[in-house]
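Taking it in order: structure first as structure tokens, then the write-up.
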Amino acid sequence: MAKLEKALGGDFDALLARIEQGILEGSVSASLEASSDFSEAGARCSVRVFERFSYAGGNRLSMNVTLFQSGEGPIHLSAITAGGSQALFVKINTWGEEAFLDKLRELL
């Protein structure tokens, strides 16, 4: 598992669109598996779950991206990848997870 957390400025909708488009166009095997959006009392939260094939790991892995903003405050981003390990009992070979997260870093 790899994780990225950041506080960002800018427009919430534009950032969300840039992330969705960039992840989906960044890998031929990437897909948007699920999404959720909600708001209440001036706060917004959007969750996206992406999946792609990891050539390094020889398997599929997922990345959950959450954006949260309260009022006009900063946009908080949390991204967590999972599923890139090949071992049964210990986690080895997480290169695919880091590479998936690196694609997101490029978009920010």
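What does the highest-first list of 11-24, 35-48, 60-73 look like by mean Cβ count within 10 Å? Can you show the working numbers first?
Numbers: 11-24: 15.0, 35-48: 12.7, 60-73: 16.6.
Peptide ranking by packing, descending: 60-73, 11-24, 35-48.
If you compute volume of the Cα convex hull per residue in Å³ for the structure shown, which of (i) 294; (ii) 93; (iii) 84 do you land on?
Structure-derived value, by its label: (ii).
Report the residues of segment 58-76 in range of a label on Val47: point 7 Å along Cα→C-beta, backbone N strictly under 18 Å from it.
62-70, 76
Excluding ligands, DNA and RNA, what is the solvent-accessible area per residue of the chain at a probe of 1.4 Å, expressed in Å²?
Details: 6080 Å² over 108 residues.
For the chain, the per-residue accessible area is 56 Å².
Pop out the carbon and sulfur fraction of the accessible area of segment 29-69 as a percent, whole number, probe 1.4 Å.
52 percent
How much length, in nm to one decimal, is gained on full extension between Ala82 and Lys3, taken as 0.36 nm per residue of separation minus their Cα-Cα distance? Write out the running numbers ahead of the final one.
On the way: separation 79, 0.36 × 79 = 28.44 nm, distance 0.93 nm.
Net length gain for the segment: 27.5 nm.
Points 7 angstrom from Cα along the Cβ direction at Ser35 and Glu72: gap in nanometres?
2.7 nm
The values are calculated or read from the model by the stated rules, or taken from the named source; none is laboratory data. Since this is a predicted model, take the numbers as computed values, not measurements. Here Cβ is always computed from backbone atoms with ideal geometry, including for glycine, and neighbour counts include all displayed protein chains. Note: areas computed on protein heavy atoms with side chains; ligands, DNA, RNA excluded. Shrake-Rupley method; radii C 1.70, N 1.55, O 1.52, S 1.80 Å.
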